[in-house]
Structure formats: structure tokens, C-alpha cells
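Heads up, the thing below is written out as C-alpha cells.
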Amino acid sequence: MVATIDAADTQVSEVLGTLPSHRSLRNYSDEPLPADILETIMAAAQSASGSSNLQVFSVVAVRYTERTARPAGFAGKQRHVAAAPLLTVLIADLCGFGEFLMRPA
């Protein structure tokens, strides 16, 4: 059962209405992702809230070129990862968390 959410904010309502229809697509276009769209995606990922307002991860965009190794080996050799021309990778980054723990109470 999918709950209906009546939100006053249209943008919130649109996002919440989209989430239940999420699906994964694994057929990739050969057309490169425009830089402005990639910037928007990266900014959204880096702006996600976290506990104590800490960002305990870094987001890195990896584009495949003829001179780079495909990172599929790090993802269980999944075919859709090997075929992707661009990956966004989340990397644990606990440096800020350590600094948070060292602050005086």
C-alpha cells in the first residue's frame, strides 16, 4: 500500500510522489552527461544531511576513458557497472567525525 501525502510545498509533494515509482535503469546512453547536470547531482549528494550535521562521506564522479581501468572489480564485477560511462562513488570520510569527537563538550 502506498500512502498519499498531502504537502503544501509543491516541490516536496513532487519529490515524495516520485519516490514510490523509483526504478533502476541499466541501459546507458553513449551520450555524455552534461556538466551542469553532473554538478547539480553532485551538489545534491554533497548537501545531504547527516548526524550532527557531519558529512561522513565524499562523493566522487568517475568517468571511464580508454586510459582508465573500469572500476567494476570493486563492485563484484557487475556488468552494469562495467558498462557505465560515468559512476558516482561514495567514499567513507570520517575525518570530520574525528574532529567532532575531539571538541570540548
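Bear in mind that the values in this text are calculations on the coordinates, not laboratory data. Quantities reported herein were computed from a predicted structural model and do not represent experimental measurements. Note that we place each Cβ from the backbone using ideal geometry, even for glycine, and neighbour counts take in every protein chain shown.
Calculated FRET efficiency, Ser13 and Thr88, Cβ-Cβ r, R0 22 Å, to nearest 0.05?
Working: r = 26 Å, r/R0 = 1.19.
So the FRET efficiency works out to roughly 0.25.
Going by average Cβ density within 10 Å per residue, which order do the peptides 28-36, 87-95 take, highest to lowest?
Going by the mean number of other Cβ atoms within 10 Å, highest first, we get 87-95, 28-36.
Can you list the HN-Hα couplings for region 34-42, worked out from phi with the Karplus curve (6.51, -1.76, 1.60; θ = phi - 60°), rounded to whole Hz and with x for Gly and Pro?
x, 4, 5, 6, 4, 4, 5, 4, 5
Taking H placed 1.01 Å from N in the peptide plane, check which residues at least 5 places from Phe57 or on another chain put their amide H under 5 Å from its amide H.
Asp93
Tell me which residues come under 5 Å, amide H to amide H, from Leu86 once H is placed; ignore anything under 5 positions away on its chain.
Tyr64
To make sure I understand, if each residue's beta carbon is the centre and we count other beta carbons within 10 Å, what order do Phe100, Phe57 fall in, fewest to most? Present the calculation step by step, with values, prior to reporting the outcome.
Numbers: Phe100 14, Phe57 17.
So the ranking, lowest neighbour count to highest, is Phe100, Phe57.
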